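Down below is the structure, laid out as structure tokens.
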Amino acid sequence: MRRTILLNIALLISSLTMAQFPDIELKDIDQNWVSLEELKGEKLTVIDFWATWCKPCVTAIPKINSIYNEYSGQGIGFIGVNVDGPRNLSKVKPFATSMKIQYPLVLDPDQNLVNRFNVTVFPTLIVLNEKGKEIFIHEGFNPGDEILIKDELQKLLKQ
């Protein structure tokens with residue numbers, strides 16, 4: 001019994017210290033189930049957590065679109081994760097359309113992914129390597145942050 005408890009504690013600690021690419025399915029904005037595994041990139045995966053009610057997210061999304069257009073052909077997968085709750089889900093698709101979001105979007109109304117990656121600020125952009133290891137985090141968004149994100153992606157592609 002004691003050994004089982006210690007093993008569970010060790011597993012919990014290791015899972016908290018290194019987020020891995022989740023092998024789960026979420027619904028997209030058309031209510032189709034999508035495997036996140038299908039959306040990941042060959043080299044890197046950019047996961048952008050955002051909400052319709054988040055003003056910095058509104059500023060960030062056009063810049064993420066631009067980064068997506070520039071880097072998606074270079075082995076980088078992009079996934080937008082909307083975190084609006086069940087009451088606001090009907091706003092997500094019109095919002096995404098009006099913002100002209102071009103990268104794949106999934107819905108996380110129960111915040112399973114948010115909790116898995118311990119996201120507490122919106123927007124939060126997380127970059128995972130090809131093994132699914134978290135290698136870069138950018139919280140919040142101010143004008144000019146897109147330059148920092150692009151510089152980081154360029155550096156990570158060269159590794």
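The values are calculated or read from the model by the stated rules, or taken from the named source; none is laboratory data. Here the structure is a predicted model, which means the values were calculated and not measured. Backbone-built Cβ (ideal geometry, glycine too); neighbour counts: all protein chains shown.
If you check every pair at least six apart or on different chains, which have Cβ atoms under 7 Å apart with a residue in region 138-152 that is closer than 21 Å to Thr120 by Cα and touching a residue at least 24 places away in the same chain (Cβ under 8 Å) first and a residue that is among the hydrophobic types (A, V, I, L, M, F, W, C) and surrounded by fewer than 18 Cβ atoms within 10 Å (Cβ to Cβ) second?
Within 7 Å, the pairs are Gly140/Val121.
Filter region 35-46 down to residues that are outside any helix (DSSP H, G or I) and either without any contact (Cβ under 8 Å) to a residue 24 or more places away in the chain or within 14 Å of the chain's Cα centre (by Cα) (or both), then give me how many there are.
Within region 35-46, residues that are outside any helix (DSSP H, G or I) and either without any contact (Cβ under 8 Å) to a residue 24 or more places away in the chain or within 14 Å of the chain's Cα centre (by Cα) (or both) number 6.
Are there any pairs, at least 6 apart or on different chains, whose C-beta atoms fall under 8 Å, with the first in region 90-107 and at positive phi and the second of a type outside the set (Val, Ile, Thr), and if so, which?
Every condition considered, the pairs that remain are Lys100/Pro62; Lys100/Asn65.
Whether any residue in region 121-133 is modelled with pLDDT under 95, within 23 Å of Glu25 (Cα to Cα), surrounded by 14 or more Cβ atoms within 10 Å (Cβ to Cβ) and among the small types (Gly, Ala, Ser) is what I want to check.
Yes, there is a match, as at least one residue in region 121-133 is modelled with pLDDT under 95, within 23 Å of Glu25 (Cα to Cα), surrounded by 14 or more Cβ atoms within 10 Å (Cβ to Cβ) and among the small types (Gly, Ala, Ser).
Look at region 110-145 and say how many of its residues are of a type outside the set (A, V, I, L, M, F, W, C) and closer than 12 Å to Val46 by Cβ.
5
Matching residues to (1) closer than 22 Å to Asn32 by Cβ; (2) in a helix (DSSP H, G or I); (3) of a type in the set (Gly, Ala, Ser):
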site: Ile61; (1), (2), (3): yes, yes, no
site: Ser66; (1), (2), (3): no, yes, yes
site: Arg87; (1), (2), (3): yes, yes, no
site: Thr97; (1), (2), (3): yes, yes, no
site: Lys100; (1), (2), (3): yes, no, no
site: Asp110; (1), (2), (3): yes, no, no
site: Leu113; (1), (2), (3): yes, yes, no
site: Ile137; (1), (2), (3): no, no, no
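From Leu107, Leu89, grab the single residue that is touching a strand residue (DSSP E or B) at 6+ places or on another chain (Cβ under 9 Å), at pLDDT below 95 and not polar (S, T, N, Q).
The match here is Leu89.
If you take the residues in region 95-110 that are over 14 Å from Ile61 (Cβ atoms) and over 12 Å from the mean Cα position of the chain (by Cα), which one is surrounded by the fewest Cβ atoms within 10 Å (Cβ to Cβ)?
Applying the filter and picking the extreme gives Asp110.
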